[in-house]
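Participant: This structure is in structure tokens; I'll ask about it shortly.
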Amino acid sequence: MSGLRLVVLGMMGRVPFGGQTWLYLSWLRGLSELGHDVWYVEDDSVWPYDPAVNAVTDDCSYAAAHLERCMERIGLADRWALRLVGSEGACYGMSESALDGLYRSCDALLNVVGATDLREEQLQAPFRVYVQTDPVTAELRLAGGDAHTREAFDNHHVIATYGENYGADDCGVPMNGHRYVKTRQPVALDLWPAVFDAQARHFTTIGNYRQEGEDVVWRGDRYSWSKHEQWERYIDLPRRTDQSFCLAMQPDAEADARRLREHGWDLTPPLEMSLDPFGSYPGFIRASRAEFTVAKDQNVRLRSGWFSERDACYLASGKPVVAQDTGFGNVLPTGEGLFAFSTMEEALTAIEAINSDYERHCEAARAIAEEFFGNLVVNADDLGASEGVNRGIVESHVNGIVTSASLMVTGAAAAEAVALAREHPGLGVGLHWDVWGEDEREFDLGDHGAVRDEFSRQLDRFHQLMGRAPTHVDSHRHAHREPGVMDLFLELVEPLGVPLRGDGRVRFVGGFYAQWEWKVTNLEYVSVPFLQRMLRDEVPDGWTELSCHPGYRSPGYSAVYLAEREEEVRTLTDPRVRATVEEQGIRLRSFDEVPAVAPAR
């Protein structure tokens, strides 16, 4: 798939700790997996922190080495730059002229965290997005007339926020006339594998205890930035339960540390772990039993809906999360794997629930990370039917939104289809079981023995052609969903451990089709506006498959659905469709990424 050239501005090298590192890596990996040409840039006058000297410094060697290592880890080794403005020769990763050219040539710039005050060079980017990962403070400052915050917002075309409860009836955050795009923290699931350990001991978290100096006063009330006030509300929690707790925190004041320990909280120094983003930092999370954490006062009282990217990493690791309620329960499922609490009693109840059925809540935690996002598989049927169909599917993958295809091993162009699939490894390929073809040949679906034999024959042929198992199974003209056949197919496909169309684990949407009346064509149903409506209205949280039939005419291939295939190619590759996918926050996925859970029966 072709995508956009995107520049992500950040401070991963300036603040080289685990939390900041994973915040940016998740964005970069996610955008890259969506098919975009992604570049990471740090370009401002703020000196980076160097742990070797335990100070901020104009020597960027540690920051540059950190960026190089991190970007290489996610497969973007040559896609970064670091420039310290005002320091001669301090441009790493690419030349200054190349960096300035990148701003001019990109399609969009994402200022993640909003940590970069845009300069003239960066304002050359044609479309600029402020990604607000820490909501509320900016809104309260704007409400108070803060000119710097207003300028920062005005320098961007769109403000995207983790405040997913913004605008809700129970949210008290002032909107100040701004329209926000709500977004959700990404998490790279393959980099955060689930780890189950029934003997894991501690509920944990990682973070800062006291961070003063950033409080905001609005309408006569003080809204605190520091979390220590919220920790104080639950200081007695360890005395109220047999569950143990370990906080990766190092309060600056010895009195704070002593008070936490006296109330039963174990403390472990976070610095060394946080400087090891691929070892000790994720290791601490994976060794945890669950996470227990509080939020900032301003998010709690004003119910912003904020949810931490660190919480998302715990969930992805299969660790249940008990988090102070910020209103995120309005947009995320709670009660299994994820719990929101507002009182001591609610916190205790959540801890007891997790420990009473620990494995179930661990599985639910991972499922939230995997499923509670709009995951869309755009699957093209009939791969292998003809050379023209093959060409249309590949074009719709390379230049459009198609992520998967179903191979007809009985098709005349199956061998060519396999060669094309190998040239495009990002295209998932499953089995399109076919017993009818375009010539409507006879096959008795009521003969279950014949169905079994034909399924085994086509599955064996798929293995011979592709050299691996299919990513999914479906059938030509939905033969497997005929009365009396679906249960048999559930039995046949279950040993493969892959989704079967209609088995309940992936919601099927088949409305993108131009012949809902046999041989009567209505191209409106495969038009760009129609597909955009489907993307807006029919891709809920969880996993959805949208089927399609792109292709081109080719000699020797006759079918009642031909001109319609060519219209599908035009729609699936239309930039407006890709833009709608991005606007809706939909993640384009393949069937091999679907969680391995038992199908519904």
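Participant: Restricting attention to strands (runs of 3 or more DSSP E) lying wholly within segment 202-245, give those where 1 or more residues are hydrophobic (A, V, I, L, M, F, W, C) and in contact with a strand residue (DSSP E or B) (Cβ under 9 Å, 6 or more places away or on another chain).
Facilitator: By residue number, 203-206, 216-218.
Participant: Another question, if that's okay. Check Val398 against each of (1) buried (at least 24 other Cβ atoms within 10 Å of the Cβ); (2) among the hydrophobic types (A, V, I, L, M, F, W, C); (3) in the same structural domain as Ser547 (by TED's automatic domain parsing) and name the one condition it does not meet.
Facilitator: Tallying (1) buried (at least 24 other Cβ atoms within 10 Å of the Cβ); (2) among the hydrophobic types (A, V, I, L, M, F, W, C); (3) in the same structural domain as Ser547 (by TED's automatic domain parsing), Val398 fails exactly one: (1).
Participant: Another one. Of everything in segment 283-321, what is of a type outside the set (D, E, K, R), within 22 Å of Tyr234 (Cα to Cα), under 22 Å from the mean Cα position of the chain (by Cα) and assigned to a helix (DSSP H, G or I)? Give them in sequence order.
Facilitator: Of everything in segment 283-321, those that are of a type outside the set (D, E, K, R), within 22 Å of Tyr234 (Cα to Cα), under 22 Å from the mean Cα position of the chain (by Cα) and assigned to a helix (DSSP H, G or I) turn out to be Ile285, Tyr314.
Participant: Inside segment 522-562, can you point out the residues that are modelled with pLDDT of 90 or more and either more than 26 Å from Leu407 (Cβ to Cβ) or not assigned by TED's automatic domain parsing to the domain that holds Val394 (or both)?
Facilitator: Asn522, Leu523, Glu524, Ser527, Val528, Pro529, Phe530, Gln532, Arg533, listed by residue number.
Participant: Restricting to segment 1-48, give me the number of residues that are surrounded by fewer than 18 Cβ atoms within 10 Å (Cβ to Cβ) and part of a strand (DSSP E or B).
Facilitator: Final tally of qualifying residues: 2.
Results for (1) in contact (Cβ under 8 Å) with a residue 24 or more places away in the chain; (2) closer than 22 Å to Ile74 by Cβ; (3) exposed (fewer than 14 other Cβ atoms within 10 Å of the Cβ); (4) outside the structural domain of Asp541 (by TED's automatic domain parsing), shown as yes or no for each residue.
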| site | (1), (2), (3), (4) |
| --- | --- |
| Glu88 | no, no, yes, yes |
| Glu121 | yes, no, no, yes |
| Val129 | yes, yes, no, yes |
| Glu151 | no, no, yes, yes |
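Participant: Looking at Ala353, Ala340, Ala347, which is the one that is among the hydrophobic types (A, V, I, L, M, F, W, C), assigned to a helix (DSSP H, G or I) and free of Cβ contacts under 8 Å to residues at least 24 places away in the same chain?
Facilitator: Exactly one residue qualifies, and that residue is Ala353.
Participant: I'm told Val409 meets every condition in (1) assigned to a loop (DSSP other than H, G, I, E, B); (2) modelled with pLDDT of 95 or more; (3) hydrophobic (A, V, I, L, M, F, W, C); (4) under 18 Å from Pro540 (Cα atoms) except one. Can you identify the failing condition by its number?
Facilitator: Looking at each condition in turn, Val409 falls short on (4).
Participant: A further question on this structure: Just name the residue that is farthest from the chain's Cα centre (by Cα) out of those in segment 96-113 that are modelled with pLDDT of 95 or more and assigned to a loop (DSSP other than H, G, I, E, B).
Facilitator: Residue satisfying both the conditions and the ranking: Cys106.
Participant: Which condition breaks for Glu88 when tested against (1) acidic (Asp, Glu); (2) more than 30 Å from Asp325 (Cβ to Cβ); (3) modelled with pLDDT of 95 or more?
Facilitator: Against the list (1) acidic (Asp, Glu); (2) more than 30 Å from Asp325 (Cβ to Cβ); (3) modelled with pLDDT of 95 or more, Glu88 comes up short only on (3).
The values are calculated or read from the model by the stated rules, or taken from the named source; none is laboratory data. Computed from a predicted model, the values in this text were never measured in an experiment. Neighbour counts run over all protein chains shown; Cβ positions are idealised from the backbone, glycine included.
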